[in-house]
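The values are calculated or read from the model by the stated rules, or taken from the named source; none is laboratory data. Keep in mind it's a predicted model, so treat the numbers as computed, not measured. Here the Cβ is made from the backbone with ideal geometry for all residues, glycine too, and neighbour counts use every protein chain on show.
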Amino acid sequence: MGTPILIAEDLSIAFGGVTALDTINLSIGEGEILCLAGENGSGKSTFVKIVSGVYAPSAGSVTIDGVRVDNQGPRAAISAGVQVIYQDLSLFDHLSVAENIAMNRMMHDGSRLVKRSTMRTIAAEQLARVGVELPLDDRVSTLSVANKQLVAIARALSMDARILFMDEPTTALTTNEVKRLLKIVLELKSRGLSIVFISHKLDEVFAIADNITIFRDGRKVGDFTAAELDEESLSFHMTGRRVSYARYHRQLTDETPLLEVRGLGRTGNYSNVNFNLRKGDILGLTGLLGAGRTELALSLFGLNAPDAGQILIGGKPVSMRSPWEAMELGIALVPEDRKTQGLFGAQSIRNNVSSNVLDSLLDRARLIDGKAEQALAVATVHEMNVNNKNVDTLVQNLSGGNQQKVVIGKWIARNPTVFILDSPTVGIDIGSKQEIYDRIHALAASGIGVIVISDEPEEIIANCNRVLVMHEGAVLDRFDEADLRAPEFKERLASIIGDPDSHVSHVTTLPATTNTGDQR
């Protein structure tokens with residue numbers, strides 16, 4: 001480690017009597033990549049917010065180059081060279097690339113007038129430091145998530161960042177985009193920038209980390225060099241237990257399809273998709289972001305009407321015009337964005353769990369039976385092992401893993417026959433991930449047909465007995481359980497996902513059929 005640029009000593013903070021950080025001591029060297037590891041709720045984000053001046057610690061100190069910045073607020077942290085890129089990036093979508101990159105710098109310099117030439121110069125210089133070119137006048141809303149990430153990095157560099165915190169920066173990136181980002185991070189390190197990298201993806205941690213600091217329950221477990229750990233030992237230190245992802249194998253013998261998709265297509269989204277889903281199947285839909293996976297899932301849930309092909313439930317063609325019709329047919333969907341699409345954040349766990357089954361909770365006067373609603377919520381938090389057992393807790397106050405358990409639990413309450421989970425463990429720690437996987441396996445073993453959408457090969461292999469690989473709206477390849485058991489399959493699948501254009505499918509798809517009926 002280089003000369004320490006940041007030193008945190010005996011940091012502690014509590015919220016409502018609950019200790020969030022307990023006597024944390026940590027240092028970050030100049031030109032070091034430190035990975036901060038821990039489950040959701042371990043204190044990582046709280047530590048970042050103290051260093052960046054958002055929170056004032058109740059005890060302890062933070063110094064940068066010997067100057068104390070704790071209790072001084074965000075301005076002091078920024079002036080000392082602290083920059084944070086949060087998971088949501090905090091960009092202004094309606095403003096241009098140049099405006100987003102240069103705005104903070106110009107405000108910090110006290111510019112009273114907006115000088116377009118200065119703004120473009122600042123933006124161009126910072127993008128050059130990152131080693132990329134982006135159209136300076138394009139609105140940020142038109143960029144891919146990967147390029148938005150680069151805009152956020154360039155914005156941070158424009159503020160003369162010396163310590164850059166990156167919180168789950170690869171959550172929404174494709175495999176190739178992750179590789180590009182990690183390459184840029186390593187290049188920034190070589191120029192002397194200190195980087196604190198926070199990620200639940202352990203392969204990324206080991207790809208770039210010099211050192212790893214592990215938090216658990218608000219305390220520091222230890223500091224390690226990356227060479228001292230592997231994924232198994234890191235998982236153990238993070239959770240306090242051995243974490244392993246059991247492989248799923250279908251045990252049911254009933255071959256009758258619950259769901260059939262024949263020649264399904266929607267112009268501009270996907271085309272000629274064919275598959276069937278039996279009881280006990282966990283079908284994986286994988287491929288790069290933009291492959292058409294989510295659009296297909298929305299069509300199966302009545303939100304994205306196809307214009308070709310058929311959907312059959314129990315052998316009968318169906319036409320789903322809305323999610324209500326899909327739900328009546330026994331289909332459930334856990335969306336990829338749980339916060340905006342899957343939950344009512346400002347509502348309690350109880351209200352979220354009951355929201356999908358209100359009709360079943362009405363009494364004779366057609367009012368919600370409070371006792372029945374309470375009983376359902378209590379049963380759900382215990383069944384899903386939600387850490388907070390108080391069902392009156394607002395969902396927005398739960399960790400990401402516990403929020404996802406609530407989303408899954410509220411759909412289980414409807415007793416679906418087909419369960420679609422889109423990116424079920426994005427931004428979730430390894431302990432919660434294991435619990436969610438176990439729950440998915442149990443659902444399938446009970447006779448439910450499950451579809452899991454993911455671009456993580458490990459997730460697909462751990463959970464699925466069938467896999468479809470999609471690329472640019474088409475099914476590129478398909479695999480059965482025998483394929484998934486092959487020792488080299490993980491590398492093979494990762495290769496196909498990462499470089500689909502070089503792959504030639506060996507699979508003969510089912511013949512396409514066009515549904516002449518009204519799919520709307």
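Here are some notes:
- Subset of segment 154-177 [buried (at least 21 other Cβ atoms within 10 Å of the Cβ), of a type in the set (A, V, I, L, M, F, W, C) and under 15 Å from the mean Cα position of the chain (by Cα)]: Met166, Ala172
- Any pair with Cβ under 9 angstrom, 6 or more apart, that starts in segment 209-223 at a residue that is within 13 Å of Ser233 (Cα to Cα) and assigned by TED's automatic domain parsing to the domain that holds Ile195 and ends at one that is surrounded by fewer than 17 Cβ atoms within 10 Å (Cβ to Cβ) and among the hydrophobic types (A, V, I, L, M, F, W, C): Ile212/Phe206
- Of residues in segment 241-255 being touching a residue at least 24 places away in the same chain (Cβ under 8 Å) and surrounded by fewer than 12 Cβ atoms within 10 Å (Cβ to Cβ), the one nearest to Thr19 (Cα to Cα): Arg241
- Which listed residue, of Leu298, Leu285, is farther than 20 Å from Phe479 by Cβ and outside any loop (DSSP other than H, G, I, E, B): Leu298
- Single unsatisfied condition, Phe479 versus (1) under 30 Å from Arg321 (Cα atoms); (2) at pLDDT 90 or above: (1)
- Pair list, Cβ under 7 Å, 6 or more apart: segment 8-34 residue over 30 Å from Arg191 (Cα atoms), other residue of a type in the set (Phe, Trp, Tyr): Ile13/Tyr55; Leu21/Phe47
- Residues being part of a strand (DSSP E or B) and touching a Gly at 6+ places or on another chain (Cβ under 8 Å) - total across segment 163-175: 1
- Any chance Asn304 is polar (S, T, N, Q), in contact with a helix residue (DSSP H, G or I) (Cβ under 9 Å, 6 or more places away or on another chain) and under 26 Å from Val407 (Cα atoms): yes
Every residue, every condition in (1) in contact (Cβ under 8 Å) with a residue 60 or more places away in the chain; (2) of a type in the set (Asp, Glu); (3) under 27 Å from Ile496 (Cβ atoms); (4) assigned to a loop (DSSP other than H, G, I, E, B), yes or no:
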site	(1), (2), (3), (4)
Ala102	no, no, no, no
Gly110	no, no, no, yes
Ile122	no, no, no, no
Glu177	no, yes, yes, no
Phe206	no, no, yes, no
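- Flag if Glu187 is of a type in the set (D, E, K, R), part of a helix (DSSP H, G or I) and within 15 Å of Gly431 (Cβ to Cβ): no
- Boolean, Ala377 is in contact (Cβ under 8 Å) with a residue 12 or more places away in the chain and not in a helix (DSSP H, G or I): no
- Residue check for Val114: farther than 12 Å from Ala154 by Cα, at pLDDT below 90 and assigned to a loop (DSSP other than H, G, I, E, B): yes
- Residue ID - modelled with the highest pLDDT, chosen from residues in segment 385-398 that are under 19 Å from the mean Cα position of the chain (by Cα) and not in a helix (DSSP H, G or I): Val386
- You will find that of Ala326, Ala308, Ala291, the residue that is at pLDDT below 90 and not assigned by TED's automatic domain parsing to the domain that holds Thr171 is Ala291 and no other.
- Of the residues making up segment 373-432, just one is of a type in the set (Ser, Thr, Tyr), in contact with a strand residue (DSSP E or B) (Cβ under 7 Å, 6 or more places away or on another chain) and buried (at least 20 other Cβ atoms within 10 Å of the Cβ), namely Ser423.
- Screening segment 267-282 for residues that are in a loop (DSSP other than H, G, I, E, B) and within 30 Å of Ser446 (Cα to Cα) and picking the one that is farthest from the chain's Cα centre (by Cα) gives Lys279.
- Residue in segment 399-413 that is closer than 26 Å to Asn276 by Cα and assigned to a strand (DSSP E or B) present: no
- Filter result for Ser194 (of a type in the set (S, T, N, Q), in the same structural domain as Gly17 (by TED's automatic domain parsing), in contact with a strand residue (DSSP E or B) (Cβ under 9 Å, 6 or more places away or on another chain) and modelled with pLDDT of 90 or more): yes
- Condition met for Gly302 (closer than 18 Å to Val452 by Cα and free of Cβ contacts under 8 Å to residues at least 60 places away in the same chain): yes
- Segment 460-477: number of residues that are surrounded by fewer than 21 Cβ atoms within 10 Å (Cβ to Cβ) and free of Cβ contacts under 8 Å to residues at least 40 places away in the same chain: 0
- Considering only residues in segment 125-182 that are basic (Lys, Arg) and in contact with a helix residue (DSSP H, G or I) (Cβ under 9 Å, 6 or more places away or on another chain), the one that is farthest from Ile101 (Cα to Cα) turns out to be Lys179.
- Residue satisfying all of: in segment 321-333; crowded, with 22+ Cβ neighbours inside 10 Å and touching a strand residue (DSSP E or B) at 6+ places or on another chain (Cβ under 7 Å); farthest from Gln403 (Cα to Cα) among these: Ile331
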